[in-house]
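Engineer: Just passing along the structure, written as structure tokens.
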Amino acid sequence: MTTENTEKDQELDDVTLEMNANGEQLIVEELPLEEQLAQDLAREKDKFLRLFAEFENYKRRTAKERLDLFKTANQEVLQAMLPVLDDFDRAINEIKEI
């Protein structure tokens, strides 16, 4: 029995128990340190690239929104000034007739 237990212990040394999101235990084999570091590096690179892409999209979107805001703000100001300009034109025409 002792030899069976040591064999099982050696097998368990090569695997790790992890909990998934549902609370179930999963058996995951441990990888050599180099492979584990390579996977961690790949995971971090992926996270960095996704974050960088998200930030670039954010910058583009805010720049576009700012341009749209300036366009619409100018449009509203000019539309508000049109009646005043029309009144000035009428006033100048009246002055010329006098």
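Engineer: I'd like the Karplus ³J(HN,Hα) series for segment 67-77: coefficients 6.51, -1.76, 1.60, θ = phi - 60°, whole numbers in Hz, and an x wherever there's a Gly or Pro.
Structural biologist: Each residue's phi maps through the Karplus curve to give 4, 4, 5, 5, 4, 6, 5, 5, 4, 5, 5 Hz.
Engineer: Report the label-to-label distance for Leu33 and Leu51 in nanometres (one decimal), using points 7 Å from each Cα along the Cα→Cβ vector.
Structural biologist: 2.6
Engineer: Please give me the summed charge of the neighbours of Leu82: other residues whose Cβ is under 14 Å from its Cβ, Lys and Arg +1, Asp and Glu -1.
Structural biologist: Cβ neighbours under 14 Å give a net charge of -3.
Engineer: Note the full-extension length gain between Leu78 and Arg90 as 0.36 nm times their separation in residues minus their Cα-Cα distance, in nm to one decimal.
Structural biologist: Stretched out fully, the Leu78 to Arg90 stretch lengthens by 2.5 nm.
No lab work stands behind these numbers, since they all come straight from the coordinates. Owing to the predicted nature of the structure, the values given are computational and were not obtained by experimental measurement. With ideal geometry, Cβ positions are generated from the backbone for all residues, glycine too; neighbour counts draw on all protein chains shown.
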